[in-house]
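Single-structure report; data block below.
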There are 2 protein chains.
Amino acid sequence: MALSGLYAALGLLFGAAAAFGPVPRITWEHREVQLVHFQEPEVFNYSTLLLSDDKDVLYVGAREVIFALNSVNIAEKHHELYWKVTEDKKTKCADKGKSKQMECLNYVRVLQPLNDDVLYVCGTNAFQPICDHLNLMSFELRGKNEDGKGRCPFDPAQSYTSVMVDGELYSGTSYNFLGSEPIISRNSHQSPLRTEYAIPWLNEPSFVFADVIRADQNSTEEDDDKVYFFFTEMSVEYEFVGKLMIPRISRVCKRDQGGLRTLQKKWTSFLKARLICTTPDKNLIFNIINDVFILKSPSLKEPVIYGVFTPQLNNMGLSAVCAYNLSTVEDVFAKGKYMQSATVEQSHTKWVRYNGEIPKPRPGACINKAARAANYMSSLNLPDKTLQFVKDHPLMDDSVTPIGDRPRLIKRDVRYTQIVVDRVTALNGSVYDVMFISTDKGALHKAISYENGMHIIEEIQLFPNFEPVQTLLLSSEKGKRYLYAGSNSGVVQSPIAFCDKYSTCVDCVLARDPYCAWKSHEASCINILKEDEIERDWIQNIGGDASSCPASSSIPFPPTGTSFLSCVGSDSPPSPTNTMPDVWSSTELVMA
Amino acid sequence: MALSGLYAALGLLFGAAAAFGPVPRITWEHREVQLVHFQEPEVFNYSTLLLSDDKDVLYVGAREVIFALNSVNIAEKHHELYWKVTEDKKTKCADKGKSKQMECLNYVRVLQPLNDDVLYVCGTNAFQPICDHLNLMSFELRGKNEDGKGRCPFDPAQSYTSVMVDGELYSGTSYNFLGSEPIISRNSHQSPLRTEYAIPWLNEPSFVFADVIRADQNSTEEDDDKVYFFFTEMSVEYEFVGKLMIPRISRVCKRDQGGLRTLQKKWTSFLKARLICTTPDKNLIFNIINDVFILKSPSLKEPVIYGVFTPQLNNMGLSAVCAYNLSTVEDVFAKGKYMQSATVEQSHTKWVRYNGEIPKPRPGACINKAARAANYMSSLNLPDKTLQFVKDHPLMDDSVTPIGDRPRLIKRDVRYTQIVVDRVTALNGSVYDVMFISTDKGALHKAISYENGMHIIEEIQLFPNFEPVQTLLLSSEKGKRYLYAGSNSGVVQSPIAFCDKYSTCVDCVLARDPYCAWKSHEASCINILKEDEIERDWIQNIGGDASSCPASSSIPFPPTGTSFLSCVGSDSPPSPTNTMPDVWSSTELVMA
């Protein structure tokens, strides 16, 4: 009776869990997969990763040290460079009330390539951020000791992001010791620019990601390259019982030079908009963005922005992935309405849609062919009216809505931290965006989404101690396809597929992994991207139909090394074959 | 390996569940408890219950029929009265596009005592609500066929609530066929009153409860009796990505006569405020109120309002109970700030705190001693300024916050529908508010809260078919302590405790049920409220310390008839004894 009660409770919990997102079809425990680890004694916070695919080097920025590792086998260390805080600085930092052992150290936060031989590197340096040039030949710092203010946070606990574009560093961080002055800036000799320090521009932001999107070279618009920033900030436009956070996408133009009088040395092209990640009924609202990956592939019509989100309100361990077309983003900034603030009854500031006349040229627009035709050759020429407007109205009223107007994935009982995406062509020519999403418990989910559904191919326990994954990096070079994950205690290198773990054709096909196919004459499950040529008799079916498998191999046996085959069906449409795993798991239970 | 994986998954799910609310210590399946059922063939929607304690009668309003049952044994039917819709009315209703089989029937929605011999009854009557007098001697209707508009909904699917106060019916419902015109009204020959039909007064409300709170007879204020209404409505003051709902408490004064010119035949005392049910960090927001129970006991300093809530946003099956002191409510209405609406940029209405001068007498206040001293003998005398103000400002800016500024209970994986509360004095003299909370799956949770914690004593499956509990009623008369629950298919009568199910002293004490104690010389677990005298050697410990139990009975064995003893600890502080159930459940698993 007690056991039947247990099963009833199990059913209840699993049922509830299944109702809110797919369960990974298979979970690989840490000991079941061969992952390559890198960690040095006494070194922590492996938070910054940079890959040099052509040199096969993975650069790792940790606390007080920078490593160069063999990216094909990260256990192999090429170089290490200790970059420590002087005892004098450490004492001064401690005098200001910071922890000498934890905070008053040099956390490496920026590792960006300046050219083939030099990296631009910054560290928190006991709350006195500095930047330097790292010579990759000698693996030594040039000793420039530039002031890192505005490029690197003072506080290792604070959010930051940066991207190097044509030798200039764009960064989102905080500008002061207290961390109270947020800034998005460009570090440039010719034209350093920054955001206004004002609530409408940035309101307690947490920066998560930045990247450049190049202008279409074939377009006659002569548009500018754009740098996008992603962050969560305090909402000014919304109110509920408490304060609300809101995910934002903001962008600046690369050719922005600032204004001549108004917005001198400030962005004239800084605009921001809400990133919506909700269900169509708007009852599940994911309003905290944790990470972004921009999928840019030559085969793509346009880049696709992937974001991982969690809710601020009522979050019982709920996460989502939303995807956005770049054209949707561009439309919001180029054609959308602006918001404006209004004072109500002398004491309340409320933000509403601005319905008045919009100055020309359009506030916040890049200098393109049309602007030049109207004789605005640079942002320095822009009229005061346009500049004053963008200074007062940096927030768009239109929102950036996700592809399909709904999340690609909603998952219960998990907090997603990072995402990378790989576009893979399956054997039948269909293209899949394979999402690798890390959790705050050291795991990785590999998932695909298709029309009306979603499948988590596998769950891999990357870190045995269940610590949060802080950084995720994908190498998609042929023959060197790896995932790198950084955490507080180390770096892990993982293959992107575990095809060889599947020992039967049915297993291999039911995994529904676009990387894997069954090679009948060798009777093995292979990674198709590792093969030189695709052969006709390989068997793969992302829909989960294993009926092409030879009869002899279709006897349902659990795959070798499987730690847990989910009892819960995925949310894919039922088919005669993909319900088989349910049968196996019951069998396993009885046999065990 | 598969089994260990299963256990890992189990642990994960249970762990997550335990983090968000206590698990019932014991679950009684429907077949394990003897409950008395009442249901008639072909009769559905047993939604309205009324108890006459002195007559031992439970009146039940269902679809097209009213029953009088023996409240001590509801299987025993005293009377039944079929109250059907005429064929003509049914046809007319169907002609308007409503379902003849489901909607065009007479759903009894109001059963209120007019006097000892007569009930005031109303039904939806095929979308033409009518009311009548039910003679309790003959159990026949008087045939008054009063128009039920404003007292009873047209649509059986719409929310409603009512309370009879000194022979006058106060109700919250909708006033038209479409259900688009909400109303809170008093049905009275002398002074019928109603709300304005305007968004600031009522904005798509869902009514859940109404009750009267009598003025303190000992007070020199000569305050009025007040009728409180509870509902969820569309918020005007808040905005997020979508529309937000908000729980409200509103009140009117019994002596309100309406205004003379302004607010003629309308409430001059209608005020409403937000009911807050959130965690202190405001990240769990429960903004839909499902039911209310007002605990009024002579032993109480002041009434306590208990509400059950669910969140609108990100609700993955999450519920909460919040409790409010009446004095907090009274302070908000008597001393709080008002809200006002303002038009921003010609097209946006925003609600903000009103900081201007407030007319005298205070808008919305009842006529009390002070008002009479200023020569306002009735609401008909009130100055236009006061009336116009309350007409425009029915919403308070101050909110009603819960006792302890946090929910009494937060529970995951459940949707609570109804609540009743019983105040019980334990053997040691401590007073406990025992909460009986029903779910949308036909279950009942019996819970107590104490400082910094909360314990669900037991879960009882009231309805075998897991249907939602629609109504819950408590009889707390000595010797007749029962719970009555109504659903779509029938009514269930349950004892309020199952002490005799515990066969050992340790079981009995670890139940931590204030109703139960161990009677050593009889070796039985008794319901202390059923006994005439309290004896010294009874053993009870609500803290869960069973060390007073005789040594012979302390061998841990699962209680008889237990279907499922939770594997998860409650959130009470660990003690040597109350962790024992964990051991049992493991033992059970192994033995099974």
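Worth pointing out:
- Think of the range B:42-194 as a dipole: +1 on every Lys or Arg Cβ, -1 on every Asp or Glu Cβ, centred on the Cα centre; then among B:68, B:114, B:143, B:143 lies furthest on the positive end.
- Exam field: residue B:453 pseudo-label spacings to other copies (7 Å along Cα-Cβ), nanometres: 4.7
- Computed FRET value (nearest 0.05) for residue A:88 with residue B:450, which takes r as the C-beta separation and R₀ as 41 Å: 0.15
- Other protein chain Cβ atoms within 10 Å, averaged over every residue that makes up B:342-349: 5
- Charge dipole (debye, nearest 20) of the protein assembly as shown; +1 at Cβ of Lys and Arg, -1 at Cβ of Asp and Glu: 3160
- Cα centroid separation, the range A:305-337 to the range A:369-431 (Å): 10
- Under the combined filter of DSSP loop state and at most 16 neighbouring Cβ atoms within 10 Å, the range A:445-497 retains these chymotrypsin sites (Phe, Trp or Tyr not before Pro): A:466.
- Computed over the Cα atoms of the range A:422-540, pair by distinct pair, the Kirkwood hydrodynamic radius stands at 15.1 angstrom.
- Label 7 Å beyond Cα on the Cβ vector: residue A:523 copy-to-copy distances, nm: 6.5
- Tail weight of P(r) past 39 Å, computed on alpha-carbon pairs of the protein assembly as shown, percent: 59
- A protection proxy built from the mean count of other Cβ atoms within 10 Å ranks the segments B:138-144, A:153-159, most packed first, as A:153-159, B:138-144.
- Using θ = phi - 60° and Karplus 6.51 cos²θ - 1.76 cosθ + 1.60, couplings along the range B:375-383 (whole Hz; Gly, Pro as x): 6, 9, 7, 8, 5, 5, 7, 4, x
- Dipole of chain B [Lys/Arg +1, Asp/Glu -1 at C-beta], most positive-end residue of B:325, B:346, B:388: B:346
- Taking 0.36 nm per residue of separation and subtracting the current Cα-Cα distance, fully stretching the chain between residue A:480 and residue A:203 would add 95.6 nm.
- Qualifying aspartates and glutamates (Cα of each under 17 Å from Cα of residue A:335; at least 8 residues distant if same chain): A:221, A:223, A:224, A:357, A:397, A:398
- Three-way shape label, the range B:225-383, alpha-carbon gyration tensor, a/c 1.5: oblate
- Enclosing the Cα atoms of the range A:83-207 in their convex hull gives a volume equal to 101 cubic angstrom per residue.
- Linear extension gain, residue A:234 paired with residue A:337, 0.36 nm per residue minus alpha-carbon span: 35.0 nm
- Chain B: relative contact order as a whole-number percent, Cα under 8 Å and 6+ apart: 13
- Under a model in which nothing but the beta-carbon of Lys, Arg (+1) and Asp, Glu (-1) is charged, the range A:43-176 shows a dipole of about 680 debye around its Cα centre.
- Hydrodynamic radius of the range A:54-101 per Kirkwood, over alpha carbon pairs, in Å: 12.6
- Maximal additional length on extending the residue B:100-residue B:137 stretch stands at 10.0 nm, based on 0.36 nm per residue less the C-alpha distance.
- Inter-copy label distances at residue B:96 (7 Å, Cα→Cβ; nm, one decimal): 7.2
- Pairs of Lys residues in the range A:43-176 that lie 8 or more places apart, or on two chains, and have C-alpha atoms under 22 angstrom apart add up to 21.
- D_trans [Stokes-Einstein, Kirkwood Rh over alpha-carbon pairs] for chain A, 4 °C, 1.567 mPa s, µm² s⁻¹: 50
- Among the GluC sites (Glu not before Pro) within the range A:39-77, those in coil by DSSP and having at most 11 neighbouring Cβ atoms inside 10 Å are A:42.
Taken together, the values in this text are just the output of simple stated rules run on the coordinates, not laboratory data. Note that the coordinates shown come from a computational prediction; the quantities given were computed from them, not determined experimentally. Note: ideal-geometry Cβ built from the backbone for every residue, glycine included; neighbour counts use all protein chains shown.
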